[in-house]
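Student: Below is a structure I'd like to ask you about.
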Amino acid sequence: MNDWRSYDRAAETYERIHAPRFADVARDLSALAGVRPDDRVLDVGTGTGAGADVVKELGATPVGVDPSLGMLDVARQRRPGIAFVAAEAIDLPFGPGSFDTALGNFVLAHFTKVETALFDIIRVTKPGGVIGFSTWMDGRDAFTDTWRDLVLGVVPEDMLEQTLAKAVPNHDRFARRAPVEETFIDAGLRHVRTEPMRYEWRYSREEYVEGLSTWATGRFVREMLGEDDWKRFMERAHEVFADRFPDPLHDMREVLLAIGTKE
């Protein structure tokens, strides 16, 4: 099997369904970090570039980095005026102090070596510069429970837990304020601040279910089943959601915004 952890095959769906909504979080994180016109801003785990696009709207100069070539292909097509670079956060191809600010939306929990990633992100940020991340805080709800039940119909629970641990190794750790703040402080950041936020996103029922295919569980099940069985699985998912939920869906999400300053 290919590496299901990659977002390459999910990029177009991610851009169409999730990126416009996640831009809301990027705007709030940029505001909390105090992004100013003419700042040079690193967008870590840029995906299809929604966060970088927000930075550009603010008059700053973004540079987006992501390891997924599929995501970057979409980013370059949709946002040709922004520089995008294929890179891992633990080995950034920039010199010390290259950026005024470094931001990352929903990427912190994906780092297997969080301390190493933060070290390099801080390295490329100027003294006095701000580093900021957004992370998911919310737990399970009726939508996610329904999806989980569908997935458990084709994947054993112990395999599912191992899957999530590989794809998002620090999801549970960074769903709370204290561990995020401690991680920032341990990395040497000062003036650490966290802000819980609540978002409501409206989806058509069809696009919400389609968007689930970009989640770690969706990418894994698709790779495991193969295209024919995946198609049947998703048909079943659409049927179950249509039976249980009205159209459109209102998805309430809890997000933590966190910033710290490099000395």
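The values are calculated or read from the model by the stated rules, or taken from the named source; none is laboratory data. Since this is a predicted model, take the numbers as computed values, not measurements. Virtual Cβ from ideal backbone geometry, glycine too; neighbours counted across all protein chains shown.
Student: So which residues in the stretch 75-114 are more than 15 Å from the chain's Cα centre (by Cα) and at positive phi, if there are any at all?
Tutor: Listed by number, the list holds a single entry, Gly97.
Student: Name the residue that is surrounded by the most Cβ atoms within 10 Å (Cβ to Cβ), counting only residues in the stretch 210-263 that are in contact with a His (Cβ under 9 Å, 6 or more places away or on another chain) and under 15 Å from Phe143 (Cβ atoms).
Tutor: Thr214
Student: Go through the stretch 53-106 and report how many residues are out of contact with any Ser or Thr (no Cβ under 8 Å at 6 or more places or on another chain) and among the aromatic types (Phe, Trp, Tyr).
Tutor: 1
Student: Can you tell me which residue is farthest from Ala167 (Cα to Cα) among those in the stretch 87-112 that are polar (S, T, N, Q) and at pLDDT 95 or above? Steps first, please.
Tutor: Initial filter on the stretch 87-112 (polar (S, T, N, Q)): 98, 101, 105, 112.
When the remaining residues are screened for being at pLDDT 95 or above, the result is 98, 101, 105.
Values: Ser98: 29, Thr101: 27, Asn105: 16 Å.
The residue in question is Ser98.
Student: All but one of (1) assigned to a helix (DSSP H, G or I); (2) within 26 Å of Gly129 (Cα to Cα); (3) in contact with a strand residue (DSSP E or B) (Cβ under 8 Å, 6 or more places away or on another chain) hold for Ile17, so report the exception by its number.
Tutor: Tallying (1) assigned to a helix (DSSP H, G or I); (2) within 26 Å of Gly129 (Cα to Cα); (3) in contact with a strand residue (DSSP E or B) (Cβ under 8 Å, 6 or more places away or on another chain), Ile17 fails exactly one: (2).
Student: Looking for whichever is modelled with pLDDT under 95, assigned to a helix (DSSP H, G or I) and touching a helix residue (DSSP H, G or I) at 6+ places or on another chain (Cβ under 8 Å) here; the options are Arg9, Arg27, Arg5. Which one fits?
Tutor: On the way: Arg27 fails: modelled with pLDDT under 95; Arg5 fails: assigned to a helix (DSSP H, G or I).
When all the criteria are applied, what remains is Arg9.
Student: Please give the number of the condition Val180 fails out of (1) modelled with pLDDT of 95 or more; (2) farther than 16 Å from Phe106 by Cβ; (3) surrounded by 17 or more Cβ atoms within 10 Å (Cβ to Cβ).
Tutor: Here Val180 meets the rest and fails (2).
Student: State whether the residues of the stretch 206-225 include one that is over 21 Å from the mean Cα position of the chain (by Cα) and modelled with pLDDT of 95 or more.
Tutor: Let us first name the residues in the stretch 206-225 that are over 21 Å from the mean Cα position of the chain (by Cα), namely 206, 224-225.
Next, from what is left, pick out any that are modelled with pLDDT of 95 or more: 206.
Yes, that holds for at least one residue.
Student: Looking only at the stretch 178-194, count every residue that is among the β-branched types (Val, Ile, Thr) and in a strand (DSSP E or B) and tell me the total.
Tutor: Restricting attention to the stretch 178-194, the residues satisfying the condition of being among the β-branched types (Val, Ile, Thr) are 180, 183, 185, 192, 194.
Filter once more, so that each one left must be in a strand (DSSP E or B): 192, 194.
Total satisfying the criteria: 2.
Student: Could you grab me the full set of residues in the stretch 125-167 that are surrounded by fewer than 20 Cβ atoms within 10 Å (Cβ to Cβ), outside any helix (DSSP H, G or I) and out of contact with any Gly (no Cβ under 6 Å at 6 or more places or on another chain)?
Tutor: Pro127, Gly128, Trp136, Met137, Asp138, Gly139, Arg140, Asp141, Gly153, Val154, Val155, Pro156
Student: Still on this structure, please answer the following. Could you tell me which of the residues Thr163, Thr135 is at pLDDT below 95 and either within 23 Å of Arg27 (Cα to Cα) or in contact with a helix residue (DSSP H, G or I) (Cβ under 6 Å, 6 or more places away or on another chain) (or both)?
Tutor: From the options Thr163, Thr135, the qualifying one is Thr163.
Student: What are the pairs, 6+ residues apart or on separate chains, where a residue within the stretch 245-263 that is under 18 Å from His18 (Cα atoms) has its Cβ under 7 Å from a residue that is part of a loop (DSSP other than H, G, I, E, B)?
Tutor: Partner pairs satisfying both residue conditions: Asp247/Ser204; Pro248/Ser204; Arg253/Asp138; Glu254/Met137; Glu254/Asp138; Val255/Met137; Leu256/Met137.
Student: Right, something else. Do we find that Met197 is touching a residue at least 60 places away in the same chain (Cβ under 8 Å) and assigned to a strand (DSSP E or B) in this structure?
Tutor: Values: touching a residue at least 60 places away in the same chain (Cβ under 8 Å): yes; assigned to a strand (DSSP E or B): yes.
Judged against the criteria, Met197 is a match.
Student: Out of Leu152, Leu164, I need the residue that is without any contact (Cβ under 8 Å) to a residue 24 or more places away in the chain and within 18 Å of Ala216 (Cα to Cα). Which one? Outline the logic, then answer.
Tutor: Values: Leu164 fails: without any contact (Cβ under 8 Å) to a residue 24 or more places away in the chain.
After ruling out the rest, the residue left standing is Leu152.
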